[in-house]
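Peer 1: What follows is a single structure, and I will ask about it in a moment.
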Amino acid sequence: MAERMLQFIKLPQQTPTKREATERKADFDEIYESFEPGSAKAQASRCSQCGIPFCSMNCPLGNNIPDWLKLTAEGRLEEAYELSSATNTFPEICGRICPQDRLCEGNCVIEKGFDSVTIGAVERYITDTAFANDWVKPVSPAEEREQSVGIIGAGPAGLAAAERLRGLGYQVTVYDRHDRVGGLLIYGIPGFKLEKEIVLRRWKWLEEGGVKFVLNADIGGKIPFAQLRADHDAVLVATGVYKARELGGPGAGLKGIVPALDYLITSNRRSLGDATPEFDSGALNAAGKDVVVIGGGDTAMDCVRTAIRQGAKSVSCLYRRDKQNMPGSLREVKNAEEEGVNFIWLAAPEAFLGDEHVTGVRAARMHLGLPDASGRQSVEAIEGSHFTVKADLVIKALGYDPEDIPGAFNEPGLSLTNWGTLKVHARTFETSLPGVYAAGDIVRGASLVVWAIKDGRDAALAIHKQFSGLSQAAAAE
């Protein structure tokens, strides 16, 4: 192993080539090139193969990272793919959009003077290579089972559950209200982070494995929830959370103040070739405008970088805390800064100016106080620190809350938590309705894609255990 691994002592960290900002901000293509085979092998060899792999421990999926890094360093890529895909349904997607700086790479034990292993880039390289060499085969269960499961939501949680259940032989049908599979992977995340073909090929892969899809599905309307329960032996709700958090204050109802998801969905639909009247009218188009994005998470980063690519006159990001305390990936902040985004740290909006349409944001400077009950520093306005930022378009990127699922499905029997998420049993994932389960953001609240994948896989296993228990009881009789 000494010859193949532990190369961090003489090999510096190298990330895949990143396109120059002047080039990449002119299109929606991914900004990182793929690793060359030799580079991927060399970077994987930097792994120290430590006794306690903190990278795996801090990965929500518990990926066997040191093992597939070692296989990559040895040139055994097909085996590396088999190991990577054993714990992760979509490793090539996580390799692109996971905040590795806060998860696996951020917990790499290599001394920071040497820099961590580029885990995400190698993960992406392994699966992209597997697709290119036709190593990614459709799901093929060892035996078919009679029980069927209906899954509501074709986002990462629903798709991960579908793959797991289909692999166990269940008949799986996925319902989604959109016209494509992927949820926020296809409509919420811009192409410069995740090109749509990456998601669409997984759709095809699942169909080839026998998963059925019903798109443009109106659950609770044209398809009554009761009918869904009657048609399937179990139902899994994996709808995610889409409701934008509102922003109050004087002028908050002015035209030109829009939710982040509306803005991103319109941009992504345009990239996919769909009709986008709200873009064509200018309502959700940043071209030639002074744009202000309010928020500090990854959604805010997606919005500011999309606005740059749409040809905005200026793009500013207003965030009430400092750079070190923002919830989004610092790597994304760096990319945005390179592309020309102006960050206004420690500032919060107080009012929106304009008669009918927004013309500016009046904000106040903030300072961080003592930690509150959650452990985060409290934020307080500095008296007399008001200032105004010019704005023709204001995008609210304050996070997402759950929609009213019982109301949408016309099923009042679904119990909710105090936060509006679906209440489930901690181990079985079962809701207040027998045979109805839930997983992903609709249970956890808005979170990372990697957590949605984990929840979907765990829920699939819980459903399988429930079915197995029924079968054993019937056999005992």
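Peer 1: Looking at the structure I just gave you, is A408 buried (at least 19 other Cβ atoms within 10 Å of the Cβ) and either within 16 Å of G153 (Cα to Cα) or of a type in the set (V, I, T) (or both)?
Peer 2: Against the criterion (buried (at least 19 other Cβ atoms within 10 Å of the Cβ) and either within 16 Å of G153 (Cα to Cα) or of a type in the set (V, I, T) (or both)), A408 does not qualify.
Peer 1: Return the total of residues in segment 78-103 being farther than 20 Å from G456 by Cβ and open to solvent by less than 30 Å² (accessible area, probe 1.4 Å).
Peer 2: Of the residues in that region, 3 qualify.
Peer 1: Within segment 231-251, which residues are among the aromatic types (F, W, Y) and either touching a Ser or Thr at 6+ places or on another chain (Cβ under 7 Å) or farther than 23 Å from E411 by Cα (or both)?
Peer 2: Within segment 231-251, none qualify.
Peer 1: Just to be sure I understand, how many residues within segment 361-372 are assigned to a strand (DSSP E or B) and either in contact (Cβ under 8 Å) with a residue 60 or more places away in the chain or surrounded by fewer than 16 Cβ atoms within 10 Å (Cβ to Cβ) (or both)?
Peer 2: 5
Peer 1: Moving on to the next point. Does any residue in segment 4-21 that is assigned to a helix (DSSP H, G or I) come within less than 6 Å, Cβ to Cβ, of a residue that is open to solvent by less than 60 Å² (accessible area, probe 1.4 Å) and not basic (K, R) six or more places away or on a different chain, and which pairs are these?
Peer 2: Between residues of segment 4-21 that are assigned to a helix (DSSP H, G or I) and residues that are open to solvent by less than 60 Å² (accessible area, probe 1.4 Å) and not basic (K, R), the close pairs are Q7/S45; F8/I110; A21/E339.
Peer 1: Then there's this: Just to be sure before I move on: is L284 of a type in the set (A, V, I, L, M), modelled with pLDDT of 95 or more and touching an Asp or Glu at 6+ places or on another chain (Cβ under 7 Å) in the structure I sent?
Peer 2: yes
Peer 1: If the requirement is being within 28 Å of G297 (Cβ to Cβ) and either open to solvent by less than 60 Å² (accessible area, probe 1.4 Å) or not aliphatic (A, V, I, L, M) (or both), which of these qualifies: Q377, Q466?
Peer 2: Exactly one residue qualifies, and that residue is Q377.
Peer 1: Count, please, the residues in segment 31-65 that happen to be more than 18 Å from F90 (Cβ to Cβ), touching a residue at least 60 places away in the same chain (Cβ under 8 Å) and outside any helix (DSSP H, G or I).
Peer 2: Here the count works out to 5.
Peer 1: May I pose another question? For segment 300-328, how many residues meet the condition of being over 18 Å from V361 (Cβ atoms) and either among the acidic types (D, E) or crowded, with 24+ Cβ neighbours inside 10 Å (or both)?
Peer 2: Within segment 300-328, residues that are over 18 Å from V361 (Cβ atoms) and either among the acidic types (D, E) or crowded, with 24+ Cβ neighbours inside 10 Å (or both) number 5.
Peer 1: Another question about this same structure. For residues that are more than 26 Å from E195 (Cβ to Cβ) and buried (at least 18 other Cβ atoms within 10 Å of the Cβ), tally how many sit in segment 26-54.
Peer 2: In the first step, residues of segment 26-54 are kept if they are more than 26 Å from E195 (Cβ to Cβ); the result is 45-54.
Applying the additional criterion that residues be buried (at least 18 other Cβ atoms within 10 Å of the Cβ) yields 45-48, 53.
Residues in segment 26-54 being more than 26 Å from E195 (Cβ to Cβ) and buried (at least 18 other Cβ atoms within 10 Å of the Cβ): 5 in total.
Peer 1: If you don't mind, another one. Which of the residues belonging to segment 66-99 are of a type in the set (F, W, Y) and either assigned to a helix (DSSP H, G or I) or more than 22 Å from the chain's Cα centre (by Cα) (or both)?
Peer 2: Filtering segment 66-99 for residues of a type in the set (F, W, Y) gives 68, 81, 90.
If the condition is that a residue be of a type in the set (F, W, Y) and either assigned to a helix (DSSP H, G or I) or more than 22 Å from the chain's Cα centre (by Cα) (or both), then W68, Y81 are the ones that fit.
Peer 1: Between a residue in segment 336-360 that is closer than 23 Å to L254 by Cβ and any residue that is small (G, A, S) and surrounded by fewer than 16 Cβ atoms within 10 Å (Cβ to Cβ), which pairs come within a Cβ distance under 8 Å, given they are 6 or more apart or on different chains?
Peer 2: Filtered contacts from segment 336-360: P349/G249; E350/G249; A351/G249; F352/G249; F352/A252.
Peer 1: Please enumerate the residues belonging to segment 383-394 that are under 20 Å from N342 (Cβ atoms) and open to solvent by less than 90 Å² (accessible area, probe 1.4 Å). I'd like the intermediate steps shown before the answer.
Peer 2: Step one: of segment 383-394, the residues under 20 Å from N342 (Cβ atoms) are 385-394.
Listed by number, the residues that qualify are S385, F387, T388, V389, A391, D392, L393, V394.
Peer 1: Name the pairs whose Cβ atoms lie under 9 Å apart, with the first residue in segment 402-415 and closer than 20 Å to E246 by Cα, the second part of a loop (DSSP other than H, G, I, E, B) and of a type in the set (A, V, I, L, M, F, W, C), and 6 or more positions between them or separate chains?
Peer 2: P402/V241; P402/W419; P402/A446; E403/V241; I405/L414
Peer 1: For the subset of segment 55-69 comprising residues that are of a type outside the set (A, V, I, L, M) and buried (at least 21 other Cβ atoms within 10 Å of the Cβ), which member is nearest to D128 (Cα to Cα)?
Peer 2: By that ranking, first place goes to W68.
Peer 1: Let me ask another. Please go through segment 373-397 and pick out each residue that is part of a loop (DSSP other than H, G, I, E, B) and of a type in the set (S, T, Y).
Peer 2: Of everything in segment 373-397, just one residue is part of a loop (DSSP other than H, G, I, E, B) and of a type in the set (S, T, Y), namely S374.
The values are calculated or read from the model by the stated rules, or taken from the named source; none is laboratory data. Just so we're clear, the structure is a prediction, and the values are computed from it rather than from any experiment. Glycine gets a Cβ as well: all are built from the backbone with ideal geometry, and neighbour counts include every protein chain shown. Accessible surface is based on the protein model in full, side chains and every heavy atom, while ligands, DNA and RNA are left aside. Shrake-Rupley method; radii C 1.70, N 1.55, O 1.52, S 1.80 Å.
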